[in-house]
Amino acid sequence: MTTTRVGMRCPECAQQRTKVVRMRSLTTVPRVTYALIAINVVAFLAEGHISISGGPTNKVYEEGALLGSFRGFPTLGVAHGQWWRLVTSGFLHENLIHIGFNMYVLYILGLQLEPVLGRVKFATIYAVALLTGSLGALIVSPHDVTVGASGAVFGIMGAFAVELRSRNLPIMRGGLGGIGGLIAINLVISFTLPGISWGGHVGGLIGGALAAAIIQLGDRMRAPALALAGCAVLAAAAVAGSLAAAKSSEVEEGAVSPAGLVSPES
């Protein structure tokens with residue numbers, strides 16, 4: 001044994017150097033968060049209708065918004081092969097209030113969560129939540145036009161809560177009840193105010209929480225690749241469920257023409 005400043009160590013251990021992790025080597029700039037905000041803003045500008053409370057109607061919006069199917073319109077909707085709507089709808093918004101609130105919450109949460117999780121894990125959770133949000137919206141309101149990043153943002157809220165619980169930190173501590181209070185307030189708004197896709201919000205919340213739990217399990221098992229594979233399976237299941245929900249909406253009664261639809265904010 002060799003005498004060292006930290007006690008007795010074997011000769012081999014005494015010769016090893018401890019790896020030093022410096023603060024500047026950690027992920028401190030939430031690049032994925034900034035990129036997601038930039039993509040949402042560019043997509044919003046591409047809609048061509050910037051207003052406080054109105055809604056766009058141009059080609060970008062019509063081709064990118066989420067909807068399951070329309071009776072009498074056999075080419076419109078996810079049910080008719082327009083699967084890209086599951087993704088593009090998560091980057092479109094109704095108006096400045098809609099995108100402003102979503103991007104503000106994304107910025108606040110991403111600023112804290114992305115440096116902790118890392119870029120890949122954060123982006124994975126966001127992607128899974130976006131897809132499970134689309135699934136929830138199609139299950140609840142397959143004939144409504146739905147847009148917004150709220151489903152993915154709800155997923156980040158769920159992941160934030162899971163991360164706090166894994167560190168034995170209370171989710172209700174902080175301003176407005178912490179992240180738990182923020183989730184509760186937004187769920188109440190989702191269920192009480194008209195024109196909001198509560199299915200998309202709940203779907204995104206569940207998907208983000210599940211993805212975060214899978215990633216944490218992978219970390220405990222020291223198998224991050226396996227965790228990402230699990231998230232990929234979850235995302236694939238959300239896509240498959242969305243296609244099935246959209247397809248089943250074709251035979252439901254009460255589908256109306258596009259001109260008669262409202263556009264719930266996701």
- line: Considering the stretch 179-208, residues that are part of a helix (DSSP H, G or I) and without any contact (Cβ under 8 Å) to a residue 12 or more places away in the chain, and then whichever is most open to solvent (accessible area, probe 1.4 Å), we arrive at F191
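Suppose the filter is open to solvent by less than 80 Å² (accessible area, probe 1.4 Å), acidic (D, E) and modelled with pLDDT of 80 or more; does E62 pass it?
No, not satisfied.
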- prompt: Out of G241, G218, which single residue is closer than 16 Å to G77 by Cβ and in a helix (DSSP H, G or I)?
  reply: G241
- request: From (1) modelled with pLDDT of 75 or more; (2) farther than 29 Å from L111 by Cβ; (3) part of a helix (DSSP H, G or I), pick out the condition that doesn't hold for E12.
  value: (1)
task: For S249, state whether it is more than 24 Å from E163 (Cβ to Cβ), at pLDDT 95 or above, buried (at least 19 other Cβ atoms within 10 Å of the Cβ) and not β-branched (V, I, T).
output: no
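The values are calculated or read from the model by the stated rules, or taken from the named source; none is laboratory data. These figures come from a predicted structure and were not determined experimentally. Note that each Cβ is placed from the backbone with ideal geometry, even for glycine, and that neighbours are counted across all protein chains shown. Areas reflect the complete protein model, heavy atoms only, side chains present, ligands, DNA and RNA absent. Shrake-Rupley method; radii C 1.70, N 1.55, O 1.52, S 1.80 Å.
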